[in-house]
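The block underneath contains the structure these notes are about, expressed in structure tokens.
The values are calculated or read from the model by the stated rules, or taken from the named source; none is laboratory data. Model, not experiment: these values are computed from the prediction. Here Cβ is always computed from backbone atoms with ideal geometry, including for glycine, and neighbour counts include all displayed protein chains. Calculation scope for accessible area: heavy atoms of the full protein, side chains included, ligands and nucleic acids excluded. Shrake-Rupley method; radii C 1.70, N 1.55, O 1.52, S 1.80 Å.
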Amino acid sequence: MSDASLDAPLAGQSSALTTANGQPLKQALMHAQAHAKRRAFYLVAPLLAFIVITFIVPIGQMLHRSVYNPGFSLHTNVSTGVETPLMTNLKVWFKENPDGTEPDEAAFAALAKDLLVLREVKAAGQAGTRINYELSGSRSMFTKAARRAKRLEPPYKEAILDLDKDWSDPALWRVMRDATSPYTMNFYLAALDRTKDETGSVTKVPENRQVYVKLFQRTLFLSILITFLCFVLAYPVAHLLATLPLSKSNLLMILVLLPFWTSLLVRTTSWMVLLQGQGVVNDTLVGMGLLDDGNRLQMMYNQLGTVISMTHILLPFMILPLYSVMRPINPSYVRAARSLGATSWTAFRRIYFPQTLPGIGAGALLVFILSVGYYITPALVGGADGQLISNLIAFHMQQSLNWSLAAALAALLLGGILILYWLYDRLVGIDNLKLG
């Protein structure tokens, strides 16, 4: 038989591998991988939805609110949901006249028409509040002018200026020009103690109104100080827990975890009782003769009270990561170093301490981030001098109702934390963290 006749059957056979049911193996593997990916996605879908709903969406809304405030350009009826555009005539005048143009009779005529709309939809307070966020005293001007809008007659400029001379203030018209658009970056400028002058240039606000930058600096300084104090106090405690026998360390661990079983408000008010002028600490020092009754220590409503109380509250968040790192460290490493001639300090510095760096990083990151966002304890113990930026965010959310400024402050705080987190990752490495 010739070689050609032997090769003929082999040439007609298929070289593709198949499964038992005849499906190509490559296609079957791709189908199995796709099925495994879908199954994995379905398993994590509830967690993903939870993160999106409770974390990503609120942050997105906060960032949107920091640049969006339609209080001057749109009114929504709460009961009916009907939306009414506001200040439309003034908006047209602003489009036809460049920034810096002195308001003429046409501008005041447009303002008079818009005041009538504010009166009809009862939105004068809303529009005035939006302007008042950037120019104090503006709300009363809008409410007063809206009440008398029907009695305004030409010449409108003279009639409106008779109501209040401040209607000719160039700063007011500059703020109204910016506010006709619901989107603005002015709240970020306010959060950085900046504003725009009559020409539109960014300038610093007067020194007596520079609040936010100082609060950011105070928050950063106190957070770093609290983190350092927690590290200094937690390191020996965690070392003791890690080196004691397990039965004794578990008993002492209960004392570390005990604060978590007590309300934060209870712990904070307890520190108020301890630190106040007639409190336990001062009474003890006076009773021991270390202080005169007239020279009691001022540990409340200042930065000292904030640091003491927050250090105590956040201390467990430093102890636990350190303990989780120290416990597995083999003590024979230090003994070997000492047997080779190293002193106790050298063995600690070069052998033991480097192995605890992951716990230090994790604890420092936890304590710092928590201390930056704390507001209950500084509000109760710190007073005016010991409050942090979070207290001012809460003030604008709950009392002044300037949610856009609160969102801008929160966004800047979040951005600062992310920058520090990035620097930490570049310098130390986030992979070196160990939380447990």
Residue match in segment 420-434 (condition: assigned to a helix (DSSP H, G or I), in contact (Cβ under 8 Å) with a residue 60 or more places away in the chain, surrounded by fewer than 21 Cβ atoms within 10 Å (Cβ to Cβ) and not aromatic (Phe, Trp, Tyr)): yes
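Looking at this structure, is Ala123 among the small types (Gly, Ala, Ser) and free of Cβ contacts under 8 Å to residues at least 60 places away in the same chain? Full working, then the answer.
On the way: among the small types (Gly, Ala, Ser): yes; free of Cβ contacts under 8 Å to residues at least 60 places away in the same chain: yes.
Judged against the criteria, Ala123 is a match.
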Tabulated pairs, segment 199-217, first under 26 Å from Trp173 (Cβ atoms), second open to solvent by less than 50 Å² (accessible area, probe 1.4 Å), C-beta under 6 angstrom, 6+ apart or interchain: Thr203/Asp197; Val205/Asp193; Val205/Thr195; Gln210/Asp193; Tyr212/Ala191; Tyr212/Asp193
Residue in segment 378-397 that is aromatic (Phe, Trp, Tyr) and under 13 Å from the mean Cα position of the chain (by Cα) present: no
Unmet criterion (only one of (1) open to solvent by 50 Å² or more (accessible area, probe 1.4 Å); (2) in contact with a helix residue (DSSP H, G or I) (Cβ under 7 Å, 6 or more places away or on another chain); (3) under 26 Å from Phe221 (Cβ atoms)) for Ala364: (1)
Any hit, segment 42-64, residues being in contact (Cβ under 8 Å) with a residue 60 or more places away in the chain, of a type in the set (A, V, I, L, M, F, W, C) and surrounded by 15 or more Cβ atoms within 10 Å (Cβ to Cβ): yes
Top-ranked residue of segment 259-280 - restricted to ones that are open to solvent by 50 Å² or more (accessible area, probe 1.4 Å) and hydroxyl-bearing (Ser, Thr, Tyr), ranked as nearest to Ile319 (Cα to Cα): Thr262
Conditions (1) open to solvent by 30 Å² or more (accessible area, probe 1.4 Å); (2) modelled with pLDDT of 90 or more; (3) out of contact with any Leu (no Cβ under 8 Å at 6 or more places or on another chain): number failed by Tyr352: (1)
Only one of Leu413, Leu380 that is modelled with pLDDT of 90 or more and in a helix (DSSP H, G or I): Leu413
Residue in segment 99-116 that is open to solvent by less than 20 Å² (accessible area, probe 1.4 Å), farther than 15 Å from Ala159 by Cα and not polar (S, T, N, Q) present: no
Members of segment 67-110 found to be outside any loop (DSSP other than H, G, I, E, B), touching a strand residue (DSSP E or B) at 6+ places or on another chain (Cβ under 7 Å), within 30 Å of Leu412 (Cβ to Cβ) and touching a residue at least 12 places away in the same chain (Cβ under 8 Å), listed by number: Val67, Tyr68, Leu74, His75
Output for segment 134-160, where each listed residue is of a type in the set (D, E, K, R) and either in contact with a Pro (Cβ under 9 Å, 6 or more places away or on another chain) or surrounded by 13 or more Cβ atoms within 10 Å (Cβ to Cβ) (or both): Glu134, Arg139, Lys144, Arg147, Arg148, Lys157
Top-ranked residue in segment 126-182 [being over 35 Å from the mean Cα position of the chain (by Cα) and not in a helix (DSSP H, G or I); ranked as nearest to Thr84 (Cα to Cα)]: Arg148
Test result for Gln303, among the polar types (S, T, N, Q), over 22 Å from Val266 (Cα atoms) and open to solvent by 20 Å² or more (accessible area, probe 1.4 Å): no
Among the residues listed as Arg194, Arg209, Arg174, Arg218, the single one being charged (D, E, K, R), modelled with pLDDT under 95 and loosely packed, with under 14 Cβ neighbours inside 10 Å: Arg209
